[in-house]
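The values are calculated or read from the model by the stated rules, or taken from the named source; none is laboratory data. None of these values were measured; they are calculated from a predicted model. All Cβ positions, even for glycine, are placed from backbone atoms using ideal geometry, and neighbour counts span all protein chains on display. We work out accessible area using only protein heavy atoms, side chains counted, and drop any ligands, DNA or RNA first. Shrake-Rupley method; radii C 1.70, N 1.55, O 1.52, S 1.80 Å.
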Amino acid sequence: MKYQLRNTMLDILIRIEKDHGFSNLLLNHELKQRQFNEKDERLLTEVVYGSLQHQMTLDYYLSKFVKSKKKLDVWVQPLLRMSFYQMIYLEKVPDHAVIHESVEIAKQRGHQGIASFVNGVLRSLQRQGVPSLTDIKDPIERIAIETSHPEWLVKRWAEMYGMETTAKMCRNNLEHHPLSIRIQPLRTCREEVMQELKESGIESRPSIFSNQGIIIEKGNIFRTTLLKEGKITIQDQSSMLVGEMLAVESGMHVLDSCSAPGGKVTHVAEKMQDQGIIHAFDLHVKKIKLIDEKASTLHLTSIHAQKGDARKLASKYEKESFDRIVVDAPCSGLGVINGKPEIKYEKSKEDIQRLAKIQQDILNEVIPLLKENGLLIYSTCTVDKEENNQVVRQVIENHQDIYIDFSFRDELPKELQDAPGWSGEGLQLFPQDFHTDGFFLTRLKKIR
């Protein structure tokens, strides 16, 4: 029933706004709980993500039709947003159906007066269309409203990277990025998996980021048995660079200081042929369980996951205990806005400053644990220089026995060697470069 579908959309949007829930987790939960058909699943996902991705634009449009200053119930604005989104952005959903069902939901949740209000706003949009954004003269404000990114964030990125890169990044955050998967090479090969995908009606192509990577161009990977069989795992292409650039060998001792949910550490284990020892840490017991589950599904035994604060690991191990260290640091997540659009509305400058301090503290703590000639990968899924370039510069200043090992650039595919985001601190991948997450990566090497 469509009322149930649209009520579910509304419930998810309310929980994201009111309780700061994560869109991907809430969506996955609802899809598992309810028996929607494939078409309705697609519409539910599209409307929830679309309403979040375009939230500021939708609110700008709404402000032209909602003149009343009276306080509305908490569900009314999300209902209007998702209705506006469907009427403005979705061609296959007829306006009359959206209006009818939105009014019915308003009757169920409120009263005849609020239903008439919702009806009047949506009918006005249908008659008049949306107002032009060209009236917004300030370029920062216009990009902010056009792409639904907070103005402070657009201004910050423009100062870091210039208006052109910022505008492209903001617009790309509204686009669909293809799903990518990583094969488990100890159980299968890329050609075999791609053949199985083809037989299942799924279109795919190999990734340039990793010889284990596959990009899904069309089809639903979750309708195959490949994940359950441990032949593949879901991982963004950009994240695969950590395992690729760590240059591990079988038998090594490796530390992954911030490991959950386990995508990168399982990749490292595969690169080591599952021979050696990987100590994987996370701050939360629940997240340790995620690492164990992923390792178990992929049939990997070299990973020893345990609870621990990455800022306090030096007391657990002797100096120079590890051949390789991964610091995939907690960060603002501003590189994954495409998949988690609520992030852009929730983060602040203060969050970035706080996280940059944590990132420095982790690096300062684990660098003494790296052996001579050992390698350390520092990565984040953000595009903010304070968390990336500035953190690396500060750590290099603090540790005279560490330098940036830029030879990793030569180990990358030609397309990545020529990426526009190279700096004196490492590689910044912007989401528009390869339609991946925004991601920062550098490799540090220990010397005497």
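Relative to the longest principal axis of the chain, what angle (0 to 90°, nearest 10) does the C-alpha long axis of helix 151-161 take? So the helix axis and the longest Cα principal axis differ by about 40 degrees.
Could you list the square roots of 5 times each eigenvalue of the Cα gyration tensor of region 179-292, that is, the equivalent ellipsoid semi-axes, sorted largest first and rounded to whole Å?
25, 15, 12
Note on region 60-128 and region 364-381: Cα centroid distance 53 Å, given to the nearest whole angstrom. Remark: for residue pairs Lys168/Lys312; Lys312/Lys347; Lys264/Lys344, the C-alpha separation exceeds 29 Å in Lys168/Lys312.
For a straight C-alpha distance cut-off of 21 angstrom, the lysines reachable from Lys39 (same-chain residues fewer than eight places away being disregarded) are Lys2, Lys92, Lys218. Once the C-beta distance of Asn398 and Ala97 is scaled by a Förster radius of 56 Å, the resulting FRET efficiency is 0.40 to the nearest 0.05.
Against the set (i) 56.1, 213; (ii) 23.7, 76; (iii) 20.8, 61, the structure's computed Rg and Dmax of the Cα atoms in Å falls on (ii).
Considering only Val254, Leu226, Gln237, and ranking their Cα positions along the charge dipole of region 215-266 that arises from unit charges at the beta-carbon of Lys, Arg, Asp and Glu, the one farthest toward the positive end is Leu226. Entry note, the chain: relative contact order of 12 percent, from Cα contacts under 8 Å with a spacing of 6+ residues.
The long axis of helix 190-199 is offset from the longest Cα principal axis of the chain by roughly 30 degrees.
Write down the accessible area per residue of the chain in Å², having rolled a 1.4 Å probe over the full set of protein chains.
Averaged over the residues of the chain, the accessible area is 45 Å².
Distance between the modelled labels on Leu31 and Lys316, one decimal in nanometres: 3.3 nm (7 Å Cα→Cβ projection).
Annotation: peptides 195-204, 316-325, ranked by per-residue average of other Cβ atoms within 10 Å with the highest first, follow the order 316-325, 195-204. Here each label is just a point 7 Å from Cα along the line to Cβ, and for Lys371 and Val74 those points are 5.5 nm apart.
Placing Ile234, Ile337, Ile145 in order of accessible area, with the largest value first and a 1.4 Å probe, yields Ile234, Ile145, Ile337. Here region 75-126 exposes an accessible surface that is 48 percent carbon and sulfur, computed with a 1.4 Å probe and the other protein chains kept in place. Relative to the longest principal axis of the Cα atoms of the chain, helix 23-33 runs at roughly 70 degrees. For region 327-396, the ratio of Cα radius of gyration to the globular rule of thumb 2.2 N^0.38 Å stands at 1.18.
The length gained by stretching the chain between Lys155 and Asp59 to full extension, at 0.36 nm per residue less their Cα-Cα distance, is 32.6 nm. Helix-only arithmetic for the chain: the sum of -39500 (n - 2.57) across DSSP H runs with n ≥ 4, divided by the residue total, places the mean residue ellipticity at 222 nm at -14500 deg cm²/dmol.
Placing +1 on the Cβ of every Lys and Arg and -1 on the Cβ of every Asp and Glu, with no other charges, gives region 246-402 a dipole of roughly 380 debye about its Cα centre. Of Lys271/Lys294; Lys316/Lys371; Lys316/Lys357, which pairs sit farther than 18 Å apart, going by alpha carbon to alpha carbon? Check vs 18 Å cut-off fails for Lys316/Lys357.
Cross-link partners of Lys32 among aspartates and glutamates, defined as those whose alpha carbon lies under 18 angstrom from its own and excluding same-chain residues fewer than eight positions apart: Asp11, Asp40, Glu41, Glu46. The amide H of Gly21, built 1.01 Å from its N in the peptide plane, has Ile16 as neighbours under 5 Å, considering only residues 5 or more places off or on other chains. Stokes-Einstein, applied to the Kirkwood radius of region 136-191 over Cα pairs at a viscosity of 0.692 mPa s and 37 °C, places its translational diffusion at 246 µm² s⁻¹.
Kindly identify region 285-351 as rounded, prolate or oblate by the Cα gyration tensor criterion: order the square roots of the eigenvalues as a ≥ b ≥ c, call it rounded if a/c is under 1.5, otherwise compare a/b with b/c, prolate if a/b is larger, else oblate. Taking the square roots of the gyration eigenvalues as a ≥ b ≥ c, region 285-351 is oblate.
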